Amino acid sequence: MDSSDDMHDANDIESLDDDFYSDDVPMDYYSDYDDDAADDYFDDADDADRIFSRRPEQSFTILKESDIRQRQDEDVNRVATVLSISKVSASILLRHYNWSVSKVHDAWFADEDCVRKAVGLLEQPIFQCPNDEEPTCGICFENYPRSKIAMASCGHPYCISCWGGYIGTSINDGPGCLTLRCPDPTCGAAVGQDMIDLVASDEDKHKYGHYLLRSYIEDNKMSKWCPAPGCEYAVTFDAGSANYDVSCLCSYCFCWNCTEEAHRPVDCSTVSKWILKNSAESENMNWILANSKPCPKCKRPIEKNQGCMHMTCTPPCKYEFCWLCLGVWSDHGERTGGFYACNRYESAKQEGVYDDSEKRREMAKNSLERYTHYYERWASNQSSRQKALADLHQMQTVHIEKLSDTQCQPESQLKFITEAWLQIVECRRVLKWTYAYGYYLPENEHAKKQFFEYLQGEAESGLERLHQCAEKELHPFINDGGPSREFNDFRTKLAGLTSVTKNYFENLVRALENGLSDVDADGAASSKATSSKNAAGSSKGRGGRGKGTLRSSLSNRMSDDSHWFCEQCTYANVKSATACQICNHQRR
């Protein structure tokens, strides 16, 4: 008799799944939607945004170059006004305190003299030139009229030519020129932008301004440059936000915390491990261990991919040995099993001689196969996402205008198509990272792993339906010679699929970020999840996908008798199918 706490209780797991179809959205991806509701959905041009109305509040701000300069000037003016100093001095102070206005104020009012000494802002010159003499340049030691001599706040005199060479060399050395000091080695007076504007060439002035602009972003802990290649936008982040995903105006999405590609629901440490694993030599060594054996003489690894057991190492070694027992080949022949067998190996294996090495090789092979399984699907979804991005671009630049002319509808009424493609791109990203999540899911947590694979399979299935609708079912309307009566039905269907898929993936992300906490350590559904059945109500009215259907769906996924799982996308296909219903991969 089954226990109520059985880890395979379909009722418990089905109650967890109910949460993923919350907000009373239809659960049957191909069910008919309420036509009246669909008409209300598209009453005006802005109504298409309703499917994304629950998008979390944006916790970041994208800054263009003009925005950065404006903010930088505002901070400089604020400090100069409050402290009653010049803008050049205010800029030097802000750079020293990483462009934090509050830190400048706190330090200045706590100990002004200490701040001036640390930054190099002198109140009085420390060197005085006699008025009746021509000053001598401290670098070339030539006398010059005062009109050709320039001095920092310290008063040390240098000719315009030497100043230009000194500043030009510092600027060409890089951003260190922003903390430039007086050429006198015993003087710490700061050299500000006023001196740069006076003596530097136009090219050097441009470089200095570029370094100054970049320092405003790079030295500020609350701002970063977008890591996309060639992107010149910056991002400021609001402290306290739990969501680190940032979407730049260049369309690149990245994680604020680690600056890698946006990777919810996987945390930054897992992403770091996964990327390192994909690029490291560890998997190469696993492959070598699993698929090769060392030459008994020179120890170089040798792969055997066909032929008999007689192996000959490459020059200059040329050692001949048996692949199975690694013994010298001259001791082998018909009496040891011929060219395709080795009696010595079989007898030694029975005696346990080769147990350790074979066990290590088998473990390496299993580890490699497991990693390959997750990596191939991770990479496949990445490729699908890139393809979806290309299709989205083509849709926005070509097809929307053509569809507007064909169906006699304004482009504002076709936003639901763009929103569907944006959702596909986002879901492909989430689905990609679920494979990294699954790879690092502990093997001993069988219930969580089983529930995760079920949720992942349902997500793949729903996304494929949305992708197929947006890609294949749309093209006939683009190529129509005139308006089609079925277009409104298609619009209703695509908008509904977008809404359902978005809702499912949002809940999937939350569940994975919470560590699938609704499944306890013993494999049973938690009381919170079990009680959600009553709160969710009967799901039989949700698009025809009732609890009996969910229970049947889950039990079928667990059963190898009624379904087979695709090696390419892991989708559970009916036993009679010869090709995967999702990716068309042939059954083996």
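Listed values for segment 154-163 are Karplus-derived 3J(HN,Hα) couplings in whole Hz (6.51 cos²θ - 1.76 cosθ + 1.60, θ = phi - 60°), namely 7, x, 5, x, 9, 6, 4, 5, 5, 4, and x replaces Gly and Pro.
If R0 equals 22 Å, the separation of the Cβ atoms of GLU232 and ASP73 corresponds to a calculated FRET efficiency of about 0.75.
For segment 200-259, pairs of C-alpha atoms spaced more than 16 angstrom apart make up 51 percent of the total. Sorting GLU458, GLU362 on solvent-accessible area from highest to lowest, probe radius 1.4 Å, gives GLU362, GLU458. Backbone N atoms of segment 400-441 closer than 16 Å to the 7 Å Cα→Cβ label point of LEU276 belong to residues 440.
Within segment 90-132, which residues have the backbone N less than 20 Å from the label spot 7 Å out from SER84 along Cα→beta-carbon, could you tell me? The answer is 90-94, 104-117, 121-125, whose backbone nitrogens lie closer than 20 Å to the label point.
Residues in segment 97-112 carry Karplus couplings, in order, of 9, 6, 6, 9, 4, 5, 5, 4, 4, 4, 5, 5, 6, 6, 7, 5 Hz; the curve used is 6.51 cos²θ - 1.76 cosθ + 1.60 with θ = phi - 60°, and Gly or Pro positions show x.
Based on the inverse mean of 1/r over its pairs of different Cα atoms, what is the Kirkwood hydrodynamic radius of segment 401-516, in Å?
15.8 Å
Ranked from largest to smallest solvent-accessible area, with a 1.4 Å probe on the protein heavy atoms, LYS117, LYS448 come out as LYS117, LYS448. Could you tell me whether segment 172-325 comes out rounded, prolate or oblate from its Cα gyration tensor? Rule is a ≥ b ≥ c as square roots of the eigenvalues, rounded for a/c under 1.5, then prolate if a/b exceeds b/c, otherwise oblate. Prolate is the answer for segment 172-325, as a/c is 1.5 or above and a/b outweighs b/c.
Evaluate E = 1/(1 + (r/R0)^6) for ARG361 and TYR211, where r is the Cβ-Cβ distance and R0 equals 56 Å; express this FRET efficiency to the nearest 0.05.
Working: r = 56 Å, r/R0 = 1.00.
Efficiency at R0 = 56 Å is approximately 0.50.
Take CYS258: with every protein chain present and a 1.4 Å probe, its accessible area is about 40 Å². Multiplying the residue separation of ALA239 and ASP405 by 0.36 nm and subtracting their alpha-carbon distance yields 55.1 nm. Amide H to amide H, with H built 1.01 Å from N, TYR233 comes under 5 Å of CYS226, counting only residues 5 or more places away or on other chains. Among the listed pairs LYS365/LYS432; LYS103/LYS221; LYS293/LYS318; LYS273/LYS293; LYS293/LYS365; LYS415/LYS493, a Cα-Cα separation exceeding 18 Å is found for LYS365/LYS432; LYS273/LYS293. Length, then width, then depth: along the principal axes, the Cα atoms of segment 144-235 run 51, 25, 18 Å.
At 1.4 Å probe size, with the rest of the protein present, what percent of the exposed accessible area of segment 355-475 is carbon and sulfur atoms? It would help to have the intermediate numbers written out before the result.
Details: 2580 of 5230 Å².
Roughly 49 percent, rounded to a whole number.
Given a Förster distance of 51 angstrom, what is the FRET efficiency for CYS140 paired with MET222, based on the Cβ-Cβ distance and rounded to 0.05? It comes out at approximately 0.65.
Here each label is just a point 7 Å from Cα along the line to Cβ, and for SER251 and ALA390 those points are 1.2 nm apart. ARG181 exposes around 80 Å² of accessible area when a 1.4 Å probe is run over every protein chain in place.
Decide, for segment 106-185, between rounded, prolate and oblate: order the square roots of the alpha carbon gyration tensor eigenvalues as a ≥ b ≥ c, take rounded if a/c falls under 1.5, and otherwise choose prolate if a/b is larger than b/c, else oblate. All intermediate terms of the calculation are to be shown ahead of the outcome.
On the way: a/c = 3.45, a/b = 1.38, b/c = 2.50.
In terms of gyration-tensor shape, oblate.
Model label points for GLU320 and SER66, set 7 angstrom from Cα along the Cα-to-Cβ axis, are 8.1 nm apart.
The values are calculated or read from the model by the stated rules, or taken from the named source; none is laboratory data. Please read all numbers here as calculations on a predicted model, not as lab measurements. Neighbour counts run over all protein chains shown; Cβ positions are idealised from the backbone, glycine included. Quick note on the areas: whole protein, heavy atoms, side chains included, nothing else; ligands and nucleic acids left out. Shrake-Rupley method; radii C 1.70, N 1.55, O 1.52, S 1.80 Å.
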